[in-house]
Each structure stands twice: as structure tokens, then as C-alpha cells.
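Everything below concerns the one structure shown next.
The values are calculated or read from the model by the stated rules, or taken from the named source; none is laboratory data. Fair warning: this is a prediction, and the values are worked out from it, not measured in the lab. Cβ coordinates were reconstructed from backbone atoms using ideal geometry, including for glycine residues, and neighbour counts include every protein chain displayed.
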Amino acid sequence: MVQAGGPKDWALPYWNYFKLDQNNLPPAFASKDWPDGTGDNPLFVEQRYGPDNNGTVFVPMDQVDENALGDARFVGGADGGSPGFGGVNTGFSHGGNIHGGIETQPHDMVHGLVGGGDPDTNLPGLMSDPDTAGLDPIFYLHHANIDRLWEVWNETPTSTGDPTASKWVKGPASIGEHAFVLPMPGGKSWTYTPGEMKSLSELGYQYDDVSSPFAKPQMVKRLERLGVAVAAADVRSAAMAEPKSTELIGASGSLRVTGSDIRASVALDRSVQSKVTSSLKGFAAAPGQSAPDRVFLNLENVRGLSDATTFNVYINVPDGDDPAQHPELKAGSIALFGMRKASAADDKHAGGGLTFVLEITRIIDALHLAGTLSPDQLHVRLVPRQPVPDAAQISIGRISVFRQSP
């Protein structure tokens, strides 16, 4: 571009919707015309409906987060605990049903919020469906930001960094599968490995901002909430430690997701729940010991037809209260991006749907400190951005709670 006469500081853009006043759709994508008012703007598409399905496109800041950056490990487990920053090990396939941290937030959520759905036909916007998302030009800017956040995570002191296993570095061709191939100008192609993608400087590009959005590591903030001061080196060591075990605390039955307020109760096993409480009490008494348990909420086998559906998830909202008035009880937000295909019996997921994992450690810690942590049950509320119609046929196999010991 520079050689063709463009600005000397020309660079490929990314959309950092987390930056102050940058959560609205970039103006270049919002107008049907070029800046001079003539011609069809190729960056504009009609099938981009936004979070309220009215054509106004923005990213509501109360529905996106960067919490995945606080997960130290790239690869997580498929056993109910942390799925990791990048997700569970599915080999060289994107057909896994458990979404990793960065995929759940902000990747999936921005897809669902930006694409939205047609209010008249209920068809999803381009960005809301994995099969059509790449047809919306804003797709590139969104994915460039996900790539930037990946670099932010790699620069985080408590991060373990990308996997170093041989097949990860050398790619699928090293185990007899199809190689990664990138089309190049002039009809040529480039066969590459993941290892060749690791260094941004070697690839010839860099991001102007890879600073962490958090002033302190997530574990430091947790320990401070629990009234414990720990040296930075100890925090880094604890954050990077391999989880020892994961155990089911309790689960609900299946439920249908319809309307504007969906509620469920998760029955807890007292003997397992007591382990969480004991780990918190034991750590307070002896801070030098292992960090207390982390706790995760799983929405398992989510099936349905509406990929554009997004909702907030809350824990133990008092009866009669508006969940929006209790941000301290918000477990997170999820978007059902990819659910439709995952629900098809002939898809790679074999109709099993998708599973979303939200860490609720912060809420459990607060309930423990307040003396209101029930040994018997947790109450879960799902609040969709838009009321969910029966025609969406959305269901959840079960809502489960797991403890993960460090």
C-alpha cells in the first residue's frame, strides 16, 4: 500500500471495542456510501443488525469481558474445570463442543452482538452464523483484535505461553494429516506450521498496544479479596501450576430456554461443597499452603436454532430483585455462536450441542466471606438480551458446578 502511494504510516486495522469510546461500529463500516457520498461502500452490509436487532451496531460493554487473559494455561480440561485460554485439546479440528476462554469471550459474544438477527424474518446477521461470518468485512477487524488479545496473553507474566508439544509446533503434516496452506498472490501458496506463526516480529507485523487491561494479576486480586498478601513470585508459581483434580459439586436437570428470564436451581452435594469451604478456610489460616479451590459453572449440551442469542448469567440473585442491579452476582455472558450446526445430528458434534464454562470463583468467595454460601444449592438466572422465542428451540442439557483444586 505504501509503495502504491498510500500513507507512510498505513497499517491494517483492528477493532478494539474495549478501548474507551471505541465500542461503536467503526464509521467506515456504517455508511452505505463512500465519504464523498457516492458509490456503494464495500465495507457496509445490510445483514448486520446489532445487539438490539434494529441496525444500530455497537458492543454493549456490560456483555463483553477480557477475563480469559487471567487464565494462565492455554490448554484446559474437558472435565468441568477451566477450559483454558485457548480451549481443550481437540487435535487439528475446530469441532470441539467446549469453548475455551478467549472463544467464549469476547470472540463468540462480539459475533452474536454485531450480527444480531433480522427482526422480521428471524434470520441471523452474517456475523452471527459461522458459515457466513467471513462475508461481513468487520469479521477481519474483530479477528485481528482476537489475535492481538492472544499476544497480550502471551506477554502476561502469569501466562504459561503457547503449547510447545511437537505436533503443536510442527502442525498436522507432522502426524500425517493435511498441512496448513495459505493462498498467496500470483496463484502461489505457502505451506506453513504453527511454529512459524509464533513470533509476530518474524512475520513482519506488530500491534500498537499489547498492554494488559488488568493492573494486577487475577490471582493477586483474589488473594486480596480473601485478605491474604503473597509475594509476586509465589503468585506466578501458583497461577501456572497444573490443576490437580476436578470434581462435580452438583447439577440441575435439563431446561428449556424461552422468554426473558430463565431460572434453574443446582442441587449441591454437601460433602463436595464442604471441600470448597474447607479450602477457603484452610488458606485463610495458612496462606503459604495451596491456593483455594476455583469453582466453575457449566452450561452443558446447549442446543437450538438461534445462533444470534446472547444472555447474561447470574448466581443467587435475591427474589424480587432485578439481576441487572447485581453486577457482583453476574457469572458472565455467553453467545450461542455455532450452536445451530452443533445441534445437527450429522454435524461433527453429533447433535451434542455446545458447552460453555464460566468461572464463578469470585462469587463463591464473596458468598463465603459474607457467610451466605449455601451447602445445598445455587440459584441460576439466565437473562437474554432479547426474549427467546419458542421457535428458537433452545435447551440446556444441564447446568453443573465443579470445583477445581490447584
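If the condition is being crowded, with 18+ Cβ neighbours inside 10 Å and assigned to a loop (DSSP other than H, G, I, E, B), then the stretch 54-63 contributes Val57, Val59.
Of all residues in the stretch 268-304, which are assigned to a loop (DSSP other than H, G, I, E, B) and either closer than 30 Å to Pro389 by Cα or among the basic types (Lys, Arg) (or both)? Once the filter is applied, which keeps residues that are assigned to a loop (DSSP other than H, G, I, E, B) and either closer than 30 Å to Pro389 by Cα or among the basic types (Lys, Arg) (or both), the stretch 268-304 yields only Gly304. Restricting the stretch 360-406 to residues that are part of a loop (DSSP other than H, G, I, E, B) and among the hydrophobic types (A, V, I, L, M, F, W, C) leaves a set whose member that is surrounded by the most Cβ atoms within 10 Å (Cβ to Cβ) is Ile360. Residues in the stretch 52-95 that are hydrophobic (A, V, I, L, M, F, W, C) and within 17 Å of the chain's Cα centre (by Cα): Val59, Met61, Val64, Ala68, Leu69, Ala72, Phe74, Val75, Ala78, Phe85, Val88. Restricting attention to the stretch 133-151, does a residue exist that is farther than 28 Å from Asn24 by Cβ and out of contact with any helix residue (DSSP H, G or I) (no Cβ under 9 Å at 6 or more places or on another chain)? No, there is no match, as no residue in the stretch 133-151 is farther than 28 Å from Asn24 by Cβ and out of contact with any helix residue (DSSP H, G or I) (no Cβ under 9 Å at 6 or more places or on another chain). Given the criteria in contact with a strand residue (DSSP E or B) (Cβ under 6 Å, 6 or more places away or on another chain), exposed (fewer than 12 other Cβ atoms within 10 Å of the Cβ) and modelled with pLDDT under 95, does Leu182 qualify? Yes; evaluated as a whole, the condition is true for this residue. Exactly one residue among Phe92, Phe74 is under 30 Å from Pro243 (Cβ atoms), buried (at least 19 other Cβ atoms within 10 Å of the Cβ), touching a residue at least 40 places away in the same chain (Cβ under 8 Å) and of a type outside the set (Asp, Glu), and that residue is Phe74. For the stretch 1-47, filtering for residues that are surrounded by fewer than 10 Cβ atoms within 10 Å (Cβ to Cβ) and within 12 Å of Ile138 (Cα to Cα) leaves 2. For the stretch 323-344, the tally of residues that are assigned to a loop (DSSP other than H, G, I, E, B) and either among the hydrophobic types (A, V, I, L, M, F, W, C) or farther than 22 Å from Asn53 by Cβ (or both) stands at 4.
A quick yes/no check of all residues on (1) within 25 Å of Tyr205 (Cβ to Cβ); (2) modelled with pLDDT of 95 or more; (3) not hydrophobic (A, V, I, L, M, F, W, C):
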{"site": "Val59", "(1), (2), (3)": "yes, yes, no"}
{"site": "Gly95", "(1), (2), (3)": "no, no, yes"}
{"site": "Thr104", "(1), (2), (3)": "no, yes, yes"}
{"site": "Gly112", "(1), (2), (3)": "no, yes, yes"}
{"site": "Val152", "(1), (2), (3)": "yes, yes, no"}
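The one condition from (1) at pLDDT 95 or above; (2) touching a helix residue (DSSP H, G or I) at 6+ places or on another chain (Cβ under 6 Å); (3) of a type in the set (D, E, K, R) that Lys330 does not meet is (2).
Here Leu20 qualifies as closer than 30 Å to Arg385 by Cα, part of a loop (DSSP other than H, G, I, E, B) and free of Cβ contacts under 8 Å to residues at least 24 places away in the same chain.
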